[in-house]
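The values are calculated or read from the model by the stated rules, or taken from the named source; none is laboratory data. Since the structure is predicted, the reported quantities are computational estimates derived from the model, not experimental observations. Here the Cβ positions follow ideal geometry from the backbone for every residue, glycine too, while neighbour counts run over all protein chains shown.
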Amino acid sequence: MSLNPAVTQRYNLGPVKPWVESAAYLIGPKFGVKTILGWRAHDPFPDHPSGHALDFMITSKSQGQAIADYLVNNASALGVKYVIWNHQVWEASGKPVAGWHAYTSTSNPHTDHVHVTFNDQPGTGNVSDTATNAITTAATTYNSATCAWHLHIPVSGDTCVLSKTQIRALLGVLVIGAGVGVSLAGIILIVVLGLKKTGATKFIPGIGRFL
């Protein structure tokens, strides 16, 4: 994976590994990231000081989710070791848990940036834009323009439970049901009034006379 000379001065990454730098300049421009943090001398974990980590600073949750999905979907191609995003962590090895799971190593929720740590060796370089992660599928099921009621699911994003079309259909059923109920009540009232006018009565044992 070669660097694009036109954008190599956009990010101040420091002395990160070559494949880490390549990933930064592949993903940063692709997702409109203005700031990417790379190497730093001091950190509780060795990832940044060793030049194996990047922090993609985001401006929206959807941007962060898209970056996290891309990193996971292209983990082998990019040489990704693990990704931390929005209270969750994903590890390429599947240990201790396969897929996304709660991040508890620090109190940092990682909601303002996506952290990625890379392996000691570069990946295959065969990146793909095809979404194979279930997280992407779940996140795209919510559209504020068409969804009336949605649920927020950590990491996977918002998913629509009830669309506006379904709401309208339910309201239609309720209106029709209410209309039928009113019609039945009217019919019963007419029948009762008719019975009163004709003087028709019916005796029900134990209850008495019913008009």
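Of all residues in the stretch 9-39, how many are part of a helix (DSSP H, G or I), in contact with a strand residue (DSSP E or B) (Cβ under 7 Å, 6 or more places away or on another chain) and free of Cβ contacts under 8 Å to residues at least 40 places away in the same chain?
The total comes to 2.
Go through the stretch 84-96 and give me each residue that's part of a strand (DSSP E or B) and either of a type in the set (D, E, K, R) or in contact with an Asp or Glu (Cβ under 8 Å, 6 or more places away or on another chain) (or both).
GLU91
Yes/no per residue for (1) surrounded by fewer than 21 Cβ atoms within 10 Å (Cβ to Cβ); (2) in a loop (DSSP other than H, G, I, E, B); (3) hydroxyl-bearing (Ser, Thr, Tyr):
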residue	(1), (2), (3)
ALA41	yes, yes, no
PRO46	yes, yes, no
SER50	yes, yes, yes
PHE56	no, no, no
THR59	yes, yes, yes
LEU71	no, no, no
ALA98	yes, yes, no
THR111	yes, yes, yes
ASP129	yes, yes, no
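Between a residue in the stretch 90-111 that is closer than 23 Å to MET57 by Cα and any residue that is among the β-branched types (Val, Ile, Thr), which pairs come within a Cβ distance under 6 Å, given they are 6 or more apart or on different chains?
TRP90/VAL72; TRP90/VAL83; ALA92/VAL80; TRP100/VAL155; TYR103/ILE84; TYR103/VAL89; HIS110/ILE84
Taking the condition over 18 Å from ASN119 (Cα atoms) and either crowded, with 19+ Cβ neighbours inside 10 Å or within 23 Å of the chain's Cα centre (by Cα) (or both), does VAL20 pass?
For VAL20, the condition - over 18 Å from ASN119 (Cα atoms) and either crowded, with 19+ Cβ neighbours inside 10 Å or within 23 Å of the chain's Cα centre (by Cα) (or both) - is not met.
Would you pick out the residues in the stretch 1-17 that are aliphatic (A, V, I, L, M) and either surrounded by 14 or more Cβ atoms within 10 Å (Cβ to Cβ) or at pLDDT 95 or above (or both)?
MET1, LEU13, VAL16
Working only within the stretch 50-108, note down all residues that are among the charged types (D, E, K, R) and within 19 Å of the chain's Cα centre (by Cα).
Of everything in the stretch 50-108, those that are among the charged types (D, E, K, R) and within 19 Å of the chain's Cα centre (by Cα) turn out to be LYS61, ASP69, GLU91.
Among (1) without any contact (Cβ under 8 Å) to a residue 24 or more places away in the chain; (2) touching a Leu at 6+ places or on another chain (Cβ under 6 Å), where does GLY123 come up short?
Answer for GLY123: the failing condition is (1).
Please go through the stretch 73-93 and give me each residue that is of a type outside the set (Phe, Trp, Tyr), on the phi < 0 side of the Ramachandran plot and surrounded by fewer than 23 Cβ atoms within 10 Å (Cβ to Cβ), ordered by number.
ASN73, ALA75, SER76, ALA77, VAL80, LYS81, GLN88, VAL89, GLU91, ALA92, SER93
Look at the stretch 50-87 and say how many of its residues are within 8 Å of VAL114 (Cβ to Cβ) and not β-branched (Val, Ile, Thr).
Residues meeting the conditions: 6.
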